[in-house]
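Contents: one structure, followed by commentary.
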Amino acid sequence: MSARRSLVWLGLTPEPEQELPAAVAALRSPAAGRPPSALVAAERQRVERLVLRGTQRGWLRYLGEVTELVVRAAGTRATDPRAALLAGEVVLDHHRMLIGLPGAGYDRTARQRHDLERALARLRARPEPARVGPCESWSTI
């Protein structure tokens, strides 16, 4: 690791690392319901790689992909909105915290914040899906 590489972005919050892998796997999964465990594991490995060996720019690119998945999910009623709501809220909170860091991260994510706010409003306006059994958190998948 270069001494010149800024690591300040790693101190923002652990929620993306903890919450996103299962939610993103669910958004990427072609079938409704629980995503395959292999897909969740692959997403966890990707996030781990980004955090341990990546850069802020690479991390923000990943969160941009997550934003696109959330926006896409908000545009269709065919999917259960819970994974999109969780992922969208986590990324939006992360992007709002960037204002306290040096650099252009906050400005660079302005469009994503706007898109996420709109997508989350659409997702929250949907009627709750019917629940069968206890509701489980996406992070426990």
Where Lys and Arg each count +1 and Asp and Glu each count -1, what net charge lies around residue 42 among other residues with Cβ under 11 Å from its Cβ?
-> +2
With DSSP loop assignment and no more than 16 other C-beta atoms within 10 Å, the trypsin sites (Lys or Arg not before Pro) in segment 49-110 are 77
Karplus 3J(HN,Hα) series, Hz, for segment 44-52 with 6.51 cos²θ - 1.76 cosθ + 1.60 (x for Gly, Pro) | 4, 5, 5, 5, 4, 4, 4, 6, 7
For 52, 123, 39, the accessible-area ranking with a 1.4 Å probe, largest leading, is 52, 39, 123
Provide the per-residue ³J(HN,Hα) series for segment 98-110, in order, calculated from phi with Karplus coefficients 6.51, -1.76, 1.60 and θ = phi - 60°, each as a whole number of Hz, with x at glycine and proline positions.
-> 4, 4, x, 9, x, x, 9, x, 5, 5, 5, 9, 4
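The values are calculated or read from the model by the stated rules, or taken from the named source; none is laboratory data. Please read these numbers as outputs of a predicted model, since none were measured by experiment. Note that each Cβ is placed from the backbone with ideal geometry, even for glycine, and that neighbours are counted across all protein chains shown. Note: areas computed on protein heavy atoms with side chains; ligands, DNA, RNA excluded. Shrake-Rupley method; radii C 1.70, N 1.55, O 1.52, S 1.80 Å.
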